[in-house]
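Undergrad: A single structure is presented below for examination.
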Amino acid sequence: GAKSIGAGAATIALAGAAVGIGNVLSSSIHSVARNPSLAKQSFGYAILGFALTEAIALFAPMMAFLISFVFRSHA
């Protein structure tokens, strides 16, 4: 029972990653709208922010699978 609760709690990070990706893209759009001459540099930073946020989104299911299938209960 506790493994299922732990795996479910690990997947809550996916919602946070989705919000983070939305914030990165929203900030990118706002920065380009404010200063179009820095669009290329801003795009590079946006891709970096997206990649780092997406890494968290990939670690969350990995932890859920580890909790579910790798860790054994000692009962």
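The values are calculated or read from the model by the stated rules, or taken from the named source; none is laboratory data. Every value quoted in this text rests on a predicted model; they were computed, and no experiment measured them. Cβ: placed from backbone, ideal geometry, glycine included. Neighbour counts: every protein chain shown. These area figures cover heavy atoms from the full protein model, side chains too; ligands, DNA and RNA do not enter into them. Shrake-Rupley method; radii C 1.70, N 1.55, O 1.52, S 1.80 Å.
Undergrad: Taking the solvent-accessible surface of protein heavy atoms with a 1.4 Å probe, what is the per residue accessible area of the chain in Å²?
TA: Solvent-accessible surface per residue comes out at 74 Å².
Undergrad: Loop-only check: which trypsin sites (Lys or Arg not before Pro) in region 17-75 are DSSP coil with at most 14 other Cβ within 10 angstrom?
TA: Taking region 17-75 and a limit of 14 other Cβ atoms within 10 Å, the loop trypsin sites (Lys or Arg not before Pro) found are Arg72.
Undergrad: Using a probe of 1.4 angstrom, how much of the accessible area of the chain is carbon and sulfur, in percent?
TA: 73
Undergrad: Report, in deg cm²/dmol and to the nearest 500, the calculated mean residue ellipticity at 222 nm for the chain, where each DSSP H run with n ≥ 4 adds -39500 (n - 2.57) and the sum is divided by the residue count.
TA: -26500 deg cm²/dmol
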